Amino acid sequence: MARSSHTHKHYHICLVILLIVAGLIALRFIIRQDKWRSYVVESQQKVMKYKSLDSVEDAGVIAATIVNFPEGSPFLKSPAQLESYIRTVSAKYGRNIVVVDRDKRILADSIEPNVGSIYNNDQKNEVASTITDGQSRDFIEKSADYPSGISETVISFKDAKGSVVGAIIISNSNIFN
């Protein structure tokens, strides 16, 4: 009987040790899983930040081009040239690009039938807010052209005198898809 009691003691001690080891392994797994989740979230946030920065930079290049080129008669002052330039850039890079004036009237668009209408596909009026305060914004455009939604960035742009004259709305680069 003493031997049986002794064996039971060893069995219980081994069981306790096994449970402690299993608990430590589970805890380590949970900690690693939490770190992995944090890493994934941080990575997604960085990608979103770079999407926006890329769009802001690209829209800035477009804005500088339409305001300054060709010298003496910039695209912005020539509706046909502006529309041709925007459609060419849009087709080459596969991005939706819209140029609006201060009143959100579409001056040029990747989708030609939209030209002349008022841009109203920003559900929280991000375009007008950007024209007013100069801060770029990201939003989802939901429209007949993009019923499932398309991620857009809007920046304001200024004429050669430094006055805000409108905004450029541009979809994210395809490199992020």
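The values are calculated or read from the model by the stated rules, or taken from the named source; none is laboratory data. Keep in mind the model is a prediction, meaning the values are calculated, not measured. Heads up, the Cβs are rebuilt from the backbone with ideal geometry, glycines too, and the neighbour counts pull from every protein chain shown.
Search the range 73-91 for residues that are under 15 Å from Gly166 (Cα atoms) and pair each with any residue that is among the aromatic types (Phe, Trp, Tyr) and surrounded by fewer than 17 Cβ atoms within 10 Å (Cβ to Cβ) when their beta-carbon atoms are under 8 Å apart and the residues are at least 6 apart or on different chains.
Listed by first residue and then by second, the contacts come to Phe75/Phe69.
Test each condition in (1) closer than 15 Å to Ile168 by Cα; (2) in contact with a Ser or Thr (Cβ under 8 Å, 6 or more places away or on another chain); (3) surrounded by fewer than 17 Cβ atoms within 10 Å (Cβ to Cβ); (4) of a type outside the set (A, V, I, L, M) for Ser110 and report the one that comes out false.
For Ser110, the exception is condition (3).
Quick one: in the range 156-170, of everything that is of a type outside the set (D, E, K, R) and over 15 Å from Val89 (Cβ atoms), which residue is surrounded by the fewest Cβ atoms within 10 Å (Cβ to Cβ)?
Per the stated criteria, the residue is Gly162.
Pro147 fails exactly one of the following numbered conditions: (1) without any contact (Cβ under 8 Å) to a residue 40 or more places away in the chain; (2) in contact with a strand residue (DSSP E or B) (Cβ under 6 Å, 6 or more places away or on another chain). What is the number of that condition?
(2)
Keeping to the range 123-144, report how many residues are without any contact (Cβ under 8 Å) to a residue 40 or more places away in the chain and in a loop (DSSP other than H, G, I, E, B).
Within the range 123-144, residues that are without any contact (Cβ under 8 Å) to a residue 40 or more places away in the chain and in a loop (DSSP other than H, G, I, E, B) number 8.
For the range 1-23, enumerate the residues that are modelled with pLDDT under 80, among the aliphatic types (A, V, I, L, M) and either in a helix (DSSP H, G or I) or touching a Ser or Thr at 6+ places or on another chain (Cβ under 9 Å) (or both).
Ala2
Could you look through the range 136-170, keep only residues that are over 17 Å from Lys104 (Cα atoms) and of a type in the set (S, T, N, Q), and pick out the one that is nearest to the chain's Cα centre (by Cα)?
The extreme case among them is Ser151.
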